[in-house]
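Inspection log for the structure reproduced underneath, given as structure tokens.
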């Protein structure tokens, strides 16, 4: 069946699907990457490369504390920027593979919380390291970009939650994710005195946040509860207010013989949509207990509703 749906509508539908945090993170990162790429090409072709560099620096996280205080938003914006195609491709693939486990067992909101908390933790440790340890002092200001701290938070969280879950890696075979995570952590630690020292410390901070987050979840405490709450607050401004239709019930007319012979269907006023109520109940269950708590029938209902 042919549907007249443009590319924007497809992205909009993908964005609005329930229980879809991973796709939303990927869409945001990809969108920012494409905007910055197009901006870079046009400004460089017009001989205004310095303008692009200035824009990029406003979004990247600077190592200088006084400069950071003049652009505090960079503690958030830096982990939605990427240096090149392979940089974003690797990060988005990893967050897709490991994030699916978090969504399945803990729910969609937990992936967003981990991504944001990991990114913030990585940025804070980056600032602390470069402003306290003499080894990292330099004559020029270092700047950081990339989603890796948030990605490391998701990786480590998945390994902490399901340490013996196995991935089948190309040319290697089955490997438990706790060993994959340990490899990435050791690799980052070994490079904390290299060219990308700040980024490697950010990775370690993100990993630590992922571990702590899951341990607190297992104790019944959600350190990232405020993240989806803030997102929902801002989303509420973009939602259109529903139009309320007011109807008046007219006085019943006296039945005639013709009326008694005709079967007229009767509809209750303000009839609730039972299907929507079921979907709302399923989404509430996911937010409280995770996607894995759903029955097979509930998963099928949610999947069918997402296609409408």
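Could you calculate the contour length gain from residue 230 to residue 56, that is, 0.36 nm times the residue separation minus the distance between their Cα atoms, to one decimal place in nm?
Gain on stretching residue 230 to residue 56: 60.1 nm.
Only Cα pairs under 8 Å and at least 6 apart count here; give the relative contact order of region 8-233 as a rounded whole percent.
Result for region 8-233 is 22 percent.
Treating each Cα of region 8-233 as an identical point scatterer and ignoring solvent, apply the Debye formula and state log10 I(q)/I(0) at q = 0.15, 0.16, 0.17 Å⁻¹.
-1.05, -1.17, -1.29
How do 85-97, 141-153 rank on mean C-beta neighbours within 10 Å, highest first?
Packing proxy ranking, top to bottom: 141-153, 85-97.
When the chain is fully extended, how far beyond the present Cα-Cα distance does residue 284 get from residue 28, taking 0.36 nm per residue of separation?
89.7 nm
For region 135-205, what does the convex hull of the Cα positions come to per residue, in cubic angstrom?
So the per-residue hull volume is 98 Å³.
In whole angstrom, note down how far apart the Cα centers of region 93-168 and region 187-239 are.
Value for the Cα centre distance between the two parts: 5 Å.
Modelling each spin label as a point 7 Å along the Cα-to-Cβ direction, I'd like the residue 86/residue 49 distance in nm, to one decimal.
Computed distance between label sites residue 86 and residue 49 equals 2.1 nm.
Throughout, read-outs are computed from the coordinates displayed, never taken from laboratory work. These numbers come from a predicted model, not from an experiment. Note that each Cβ is placed from the backbone with ideal geometry, even for glycine, and that neighbours are counted across all protein chains shown.
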